[in-house]
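Here is the structure we will look at.
The values are calculated or read from the model by the stated rules, or taken from the named source; none is laboratory data. Since this is a predicted model, take the numbers as computed values, not measurements. Positions of Cβ are backbone-derived with ideal geometry, glycine not excepted, and every protein chain shown enters the neighbour counts. Surface accessibility is based on the protein's heavy atoms, side chains included, excluding ligands, DNA and RNA. Shrake-Rupley method; radii C 1.70, N 1.55, O 1.52, S 1.80 Å.
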Amino acid sequence: MGEESIYNLLPSVRQPEAKNPRYKSVFNSAVKEEYKSHKTASKTMGPAKVPLNEPAAYLTKRSKEPVLPEKSQFVRPNADHKKPSVPLRNEKPVMGLKSNKNFIHTNAVENIMSVSKKPQPKYVDTPGGATNNLDDSGLVPKYIKKDNYGTVPKYLETRKKQMAEHQKNYEQYIQQRLERGALNQITADERRATLEGLKKNWEELHLQYQGLSVVTDTAPKKARKERMEAEMKQLEKDIDTIEKHKIIYVTDNF
């Protein structure tokens with residue numbers, strides 16, 4: 001039994017289940033045409049009309065048996081590459097063949113001149129002694145040994161050039177507006193005084209906000225609280241904007 005819930009009191013509209021599109025073969029039309037062609041072959045009044053044989057061409061005995069090809073001599077496919085025959089019992093192998101090669105000396109020289117094979121580096125990561133390849137584990141510093149290690153990527157250089165070009169265009173635009181007299185740059189003292197005034201206003205407003213009643217049971221209390229929160233939020237936004245930007249321009253129509 002399901003648990004009682006207030007959501008079960010409201011009638012719920014049952015959504016119809018979405019059905020997948022019906023499968024349709026790409027060979028549907030070809031199969032239909034083939035079926036119709038075979039179906040209409042015997043669609044006549046009675047048996048199908050086929051040409052009859054001549055009276056002289058009657059069916060004879062063993063006339064429908066398969067005809068075998070003519071008999072020919074069997075030839076093996078590898079008849080030209082025969083193995084040497086087995087030696088006879090009275091044939092003797094060639095004896096007395098000797099080599100002047102000193103196999104001991106040759107093996108010693110080859111071992112001395114050969115380069116010793118370095119074992120593949122591995123690491124053990126389980127108490128049971130399971131080993132894994134060390135080169136593919138990420139523990140070997142391969143990246144710092146690359147030729148291009150430490151170089152600035154091309155996309156960062158391109159990005160740096162674009163930012164420098166945008167900054168240059170922005171400075172030219174500001175310079176043109178300054179020459180026209182449309183913008184005025186505030187000094188560092190004015191910026192500091194503005195910032196201090198905004199912070200002082202925020203502190204006074206915050207002090208008044210702390211003195212509000214905790215219970216906002218009337219409309220005027222609620223409206224006053226919302227108004228003070230909006231003013232404090234706007235002051236915080238202005239303070240953050242001035243602190244982020246060291247250089248500030250002000251228009252004459254501001």
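Does the range 205-245 hold any residues that are under 45 Å from the mean Cα position of the chain (by Cα) and in contact (Cβ under 8 Å) with a residue 12 or more places away in the chain, and which are they? Once the filter is applied, which keeps residues that are under 45 Å from the mean Cα position of the chain (by Cα) and in contact (Cβ under 8 Å) with a residue 12 or more places away in the chain, the range 205-245 yields 236, 238, 239, 242, 243.
Residues in the range 104-118 that are of a type in the set (D, E, K, R) and modelled with pLDDT of 90 or more: how many?
To start, the set of residues in the range 104-118 that are of a type in the set (D, E, K, R) comprises 110, 117-118.
Those still in the list that are modelled with pLDDT of 90 or more too: 110.
Qualifying residue count for the region: 1.
Let's see how each residue does on (1) within 30 Å of residue 140 (Cβ to Cβ); (2) surrounded by 10 or more Cβ atoms within 10 Å (Cβ to Cβ); (3) touching a Lys or Arg at 6+ places or on another chain (Cβ under 6 Å):
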{"site": "70", "(1), (2), (3)": "no, no, no"}
{"site": "74", "(1), (2), (3)": "no, no, no"}
{"site": "82", "(1), (2), (3)": "no, no, no"}
{"site": "97", "(1), (2), (3)": "no, no, no"}
{"site": "102", "(1), (2), (3)": "no, yes, no"}
{"site": "112", "(1), (2), (3)": "no, no, no"}
{"site": "120", "(1), (2), (3)": "yes, no, no"}
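Go over the candidates 197, 128, 150, 138 one by one and state the one that is of a type in the set (Gly, Ala, Ser) and within 30 Å of residue 226 (Cα to Cα).
197
Taken over the range 19-35, residues that are at pLDDT 85 or above and open to solvent by 100 Å² or more (accessible area, probe 1.4 Å) amount to 10.
Count of the range 93-142 residues, restricted to those that are touching a strand residue (DSSP E or B) at 6+ places or on another chain (Cβ under 8 Å), touching a residue at least 12 places away in the same chain (Cβ under 8 Å) and not basic (Lys, Arg), is 7.
Of the residues 79, 108, only one is outside any helix (DSSP H, G or I) and either in contact with a His (Cβ under 8 Å, 6 or more places away or on another chain) or of a type in the set (Gly, Ala, Ser) (or both); which? Walk me through it before giving the result.
Details: 108 fails: outside any helix (DSSP H, G or I).
Exactly one of 79, 108 is outside any helix (DSSP H, G or I) and either in contact with a His (Cβ under 8 Å, 6 or more places away or on another chain) or of a type in the set (Gly, Ala, Ser) (or both), namely 79.
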